[in-house]
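The values are calculated or read from the model by the stated rules, or taken from the named source; none is laboratory data. Predicted model only: the values in this text are computed from it and were never measured. Cβ sites come from the backbone with ideal geometry, for glycine too, and all protein chains shown count toward neighbours.
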Amino acid sequence: MEKHYYPTIGLEIHAELRTNSKMFCGCKNDPDETKPNVNICPICMAHPGAIPVPNKRAIEQVIRVGLSIDGTIADFTEFDRKNYFYPDIPKGYQISQYKYPIVSGGSLADMKVTRIHLEEDTATSKHDRGDFSLIDFNRGGVPLMELVTDAQTFDDIETAAKTGGDFGREYQLLLQYLGASYANMEKGEMRVEANISISPDQKVWGTKVEVKNLNSFKSVERAIRYELNRMRDLYEEGRQGEIVQETRGWDEMKGSTFSQRAKESAADYRYFPDPDIPKLKLTELFDMDALKIALPELPVAKRARYKKDYGIKDEDIERYVNDFELAVWFEEVIKALNDSEKIKVASNYTTSDLLGILKNDSEAKKPSPKNFAELVALVTEGKVSSRAAKDILAMIVKVDGSPNALAEQHGLIQKNDEGALKAIAQKIIEANPKVVADYKSGKEAAIMSLVGQMMKETKGSANPAIALKLIKELVA
């Protein structure tokens, strides 16, 4: 019988905050700056005598994130010096937080959060010049928020890997909804590290490794999965002693981790309070109740509202939650319709038809919410057929106009006049004696051929339900 192993994972996620200036100086915080070493000053370059001053807006952003996950906001906090020597830190230490983080506790996406603290980002090392490296200090000193999750044990490797990716995606969404960070992983504005271990004993954690260089959520999942499988295989081969506490990198091309260096402990960094930065009493600096009240609707709340109030499908809800611009547009459609059944139809047309057109036609654009809502009303009120609605939609994504006027112009208003439609139905029946005979002999589906011809004859303007009713009456 194969032995069962219990994987444990924890995540450390760094996110650069959206602020006008850096964490401890007035230099511009501009992630899109292309010229090296232009947003720098004596403070972020660690010139002698330069004194750091904390960025109040950065601290507020961390508090808002903490409130959003029901974390505990510290009353007292301070900044510490994390000592290490590397070219991207000219001071020889990083200003960070150790004993007193701004946020403790909270939860998100089925994982508990240990802490969220604030620090300064490092400069960027450039290794593209051959046999030497250069340093760009534009990023050095940018406010960097680090979230650390609790270590969580799972029953299987796949669930552990998926949970790691799902947490990262939900956290990115949260930061974007709050406006706390752009959290663009391709630009390095959000970086994920995974702490991973495995054990045959559910109550005892195995030796932990930290995997760095994870620049996408898919990479997070792949790295966790690979590393857990590597550890399990070592256990199976009786070589678990080869699992050592270390930092490993992730090779995206090979789909595997590789050893980098022995993992440091907190003692290696010799943390101590920064004597240049005053201690902070956050409850005296910020109105926590006001910050809580001012939070926008967050992804969890939006999902619940769309489900409860409108009955929208889960997969459609995720489209709106994950596409902020689409959600803003759809909210205006909701206001224009103000009817749950119509809103449900609007969602179906948005996700199944509109998004398909936008994906395949670069010249197409979303119509105004008012005109899209007008189109939905035409369909739900039976004034145009679903076929005609698709034709009108194809028009208004090119030239935004009134669907009602376009329906009138192109003869797409659905005909409900039974007297007028009866004559057309009779004509279709007389022209198709074999189809009529097939229907009368028991082939129920044959009658839909007559309905189809009637729709074609009326250019889709006949009400299909009335057309079917009239044809059945005439051939009875």
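Looking across region 267-313, the residues that are touching a helix residue (DSSP H, G or I) at 6+ places or on another chain (Cβ under 8 Å) and over 23 Å from Leu173 (Cα atoms) come down to Leu280, Leu282, Leu285, Phe286.
When you scan region 34-48, do you find a residue that is assigned by TED's automatic domain parsing to the domain that holds Ser199 and closer than 18 Å to Tyr182 by Cα, even just one? Yes: one or more hits. Residues in region 184-220 that are aliphatic (A, V, I, L, M) and crowded, with 20+ Cβ neighbours inside 10 Å: Met190, Val192, Ala194, Ile196, Ile198, Val209, Val211, Leu214, Val220. Residues of region 371-395 that are in contact with a Phe, Trp or Tyr (Cβ under 9 Å, 6 or more places away or on another chain) and at pLDDT 95 or above: Phe372, Leu375, Val376, Leu393.
The single condition among (1) in contact with a Gly (Cβ under 8 Å, 6 or more places away or on another chain); (2) within 19 Å of Thr122 (Cα to Cα); (3) touching a residue at least 12 places away in the same chain (Cβ under 8 Å) that Asn55 does not meet is (1).
Checking Leu280, Leu295, Leu378 one by one, the residue that is surrounded by 12 or more Cβ atoms within 10 Å (Cβ to Cβ) and either under 30 Å from Gln414 (Cα atoms) or among the polar types (S, T, N, Q) (or both) is Leu378 and no other. Looking at this structure, is Ile102 closer than 24 Å to Val192 by Cα, buried (at least 17 other Cβ atoms within 10 Å of the Cβ) and in the same structural domain as Asp150 (by TED's automatic domain parsing)? In short, yes.
Please go through region 133-145 and give me each residue that is in contact with a Lys or Arg (Cβ under 8 Å, 6 or more places away or on another chain) and surrounded by fewer than 23 Cβ atoms within 10 Å (Cβ to Cβ), ordered by number. Matches in region 133-145: Ser133, Leu134, Ile135, Asp136. Counting residues in region 192-209 that are in a loop (DSSP other than H, G, I, E, B) and of a type in the set (Asp, Glu) gives one or more. Got a sec? Which of Lys398, Lys427 is assigned by TED's automatic domain parsing to the domain that holds Glu363, of a type in the set (Lys, Arg) and at pLDDT 85 or above? Only one candidate qualifies: Lys398. Taking the criterion of being within 23 Å of Asp136 (Cβ to Cβ) and either touching a Leu at 6+ places or on another chain (Cβ under 8 Å) or among the β-branched types (Val, Ile, Thr) (or both), the only residue of region 54-87 that qualifies is Ala58. Is at least one residue of region 324-338 assigned to a helix (DSSP H, G or I), more than 20 Å from the chain's Cα centre (by Cα), among the polar types (S, T, N, Q) and at pLDDT below 95? Within region 324-338 (the criterion being assigned to a helix (DSSP H, G or I), more than 20 Å from the chain's Cα centre (by Cα), among the polar types (S, T, N, Q) and at pLDDT below 95), the answer is no, since none of the residues qualifies. Residues in region 119-150 that are within 23 Å of the chain's Cα centre (by Cα) and among the hydrophobic types (A, V, I, L, M, F, W, C) were compared, and the one that is nearest to Asp88 (Cα to Cα) is Leu144. If you scan region 392-403, which residues turn out to be under 17 Å from Thr350 (Cβ atoms) and either of a type in the set (A, V, I, L, M, F, W, C) or part of a helix (DSSP H, G or I) (or both)? Matches in region 392-403: Ile392, Leu393, Ala394, Met395, Ile396, Val397, Pro403. Scanning region 306-341 for residues that are loosely packed, with under 13 Cβ neighbours inside 10 Å and over 21 Å from Asn371 (Cα atoms) turns up Lys308, Asp309, Gly311, Asp314, Glu315.
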